[in-house]
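One structure is given below, encoded as structure tokens.
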Amino acid sequence: MRIKTWINNTVHEFVNKTWPHKKVRCNYNDDSSRMRDENRWIQISTPLNDDFIHYEINYEHIELHFEYSNSKDKGITANAELVDFLEKQTETSNQYEWTDFLGGDSVRCVYVEKIHEWDMLDKLNDVVLFFDKLISDYLSKSQMTISTSKIDVDHT
């Protein structure tokens, strides 16, 4: 699938209508550009609202990206448990495949079916609904653990 500006607009409209709280970013914004197809992407935010963790549409697939950062203030270096949790939730699925990329500095979960213009939004919807629920479940459980572990009980 070739990402063109009309694809960007279609994804923007769909995301804004379906998940108005999500952000969409595109790196291909000019149809006269000669940017190679494999370098074009559209990113959609996750419940974590972290630019280093996002869904990404590229010329072949929809992926969940965890892009690590060398900065202690950026990326998911401290959230490796989330990646482990999600890997365990998908390990028996033949729809998702986990791989390293960017020289092993990042990890992604690829929805293995190739996308096309006519099914891209349906597949995006499936991927986002699946992972948003898992990420939200993980966050609520980890928040419960964090808040429970901070409770001081006075036994006097």
Point to revise | Tally, over segment 17-37, of residues that are closer than 19 Å to Trp118 by Cα and without any contact (Cβ under 8 Å) to a residue 40 or more places away in the chain | key: 2
Check your understanding: What pairs come up if the first residue lies in segment 74-95 and is among the acidic types (Asp, Glu), the second is surrounded by 11 or more Cβ atoms within 10 Å (Cβ to Cβ) and modelled with pLDDT of 90 or more, and their beta carbons are under 7 Å apart, counting only those six or more places apart or on different chains?
Key -> Glu87/Trp98
Check your understanding: If you go through segment 138-156 one residue at a time, do you hit one that is more than 18 Å from Lys22 (Cβ to Cβ), of a type in the set (Ser, Thr, Tyr), modelled with pLDDT under 90 and touching a strand residue (DSSP E or B) at 6+ places or on another chain (Cβ under 7 Å)?
Key -> no
Review point. Any idea which of Glu91, Glu60 is surrounded by 11 or more Cβ atoms within 10 Å (Cβ to Cβ), of a type in the set (Asp, Glu) and either over 13 Å from the mean Cα position of the chain (by Cα) or modelled with pLDDT under 95 (or both)?
Key: Glu60
Check your understanding: Which ones in segment 17-41 are closer than 28 Å to Ser140 by Cβ and open to solvent by less than 80 Å² (accessible area, probe 1.4 Å)?
Key -> Thr18, Trp19, Lys22, Val24
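The values are calculated or read from the model by the stated rules, or taken from the named source; none is laboratory data. None of these values were measured; they are calculated from a predicted model. Glycine gets a Cβ as well: all are built from the backbone with ideal geometry, and neighbour counts include every protein chain shown. Protein only, heavy atoms only, side chains kept; ligands, DNA and RNA dropped before computing areas. Shrake-Rupley method; radii C 1.70, N 1.55, O 1.52, S 1.80 Å.
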